[in-house]
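Shown next, in structure tokens, is the structure this report addresses.
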């Protein structure tokens, strides 16, 4: 199992869209992939948890986090082989770790935590909470957006990850992300 949580070598720049739910990460991931004619890694947890909700009417539980992490890394490792420019990741294991700690009293599976800290990315884009909340079956913290944002920001700071905060409308966020990715590609 450990090998499947580990990043495989690749020849691309990797950036992560990181932050609370309903802050525009998926939209931005798709826009960036289109701009760079590259690929983006969707958030595996959405598919996994939507299937669980549709079939069992249950939300995420602690035992779901390792299967989610495994699915996320399988997607990332597969898609990283399909580009030699930039890989846009809609999330990463550090985001899963943050959710685990916030939702489950500060706990995180040791294996998930190990790879959340060991896997590396060239840059994180921390998405701010200045976008309108969009409800769906899985989103559940519309009144705790600031606390969630702070948890994500604290995780990036405490793990010394390189990050840029994205604020503003879709066009402003996209341009700022492009400017930073272009600098990485030079």
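Read-outs: derived from the displayed coordinates by stated rules, not from any lab. Computed from a predicted structure; not experimentally measured. Positions of Cβ are generated from backbone atoms using ideal geometry, with glycine treated the same way; all protein chains shown enter the neighbour counts.
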Rg to Rh quotient for the chain, alpha carbon positions, Kirkwood Rh:
0.93
Where does the chain land at 222 nm, in deg cm²/dmol rounded to the nearest 500, when only DSSP H runs of n ≥ 4 count, each adding -39500 (n - 2.57), divided by all residues?
-15500 deg cm²/dmol
Length-normalised contact order for the range 2-185 - Cα pairs under 8 Å, 6+ apart - percent
34 percent
Label-reachable residues, the range 108-130, where backbone N falls under 13 Å from a point 7 Å from residue 30's Cα toward its Cβ
none
Hey, could you pull the Cα Rg and Dmax for the range 100-147, both in Å?
14.1, 35
State the Kirkwood hydrodynamic radius of the range 72-117 in Å, one decimal place, computed from all pairs of distinct Cα atoms.
11.7 Å
Largest to smallest principal axis extent of the C-alpha atoms in the range 136-186, angstrom
40, 28, 18
Burial ranking of peptide ranges 140-151, 69-80, 111-122 (average Cβ count within 10 Å, highest at the top)
69-80, 111-122, 140-151
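Taking the highest mean first, how do the peptides 23-32, 41-50 order by number of other beta carbon atoms within 10 angstrom per residue?
Values: 23-32: 20.5, 41-50: 18.8.
Highest-to-lowest ranking by the protection proxy: 23-32, 41-50.
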Highest-MSF residue in the chain out of 158, 100, 38 [GNM, Cα springs under 10 Å]:
158
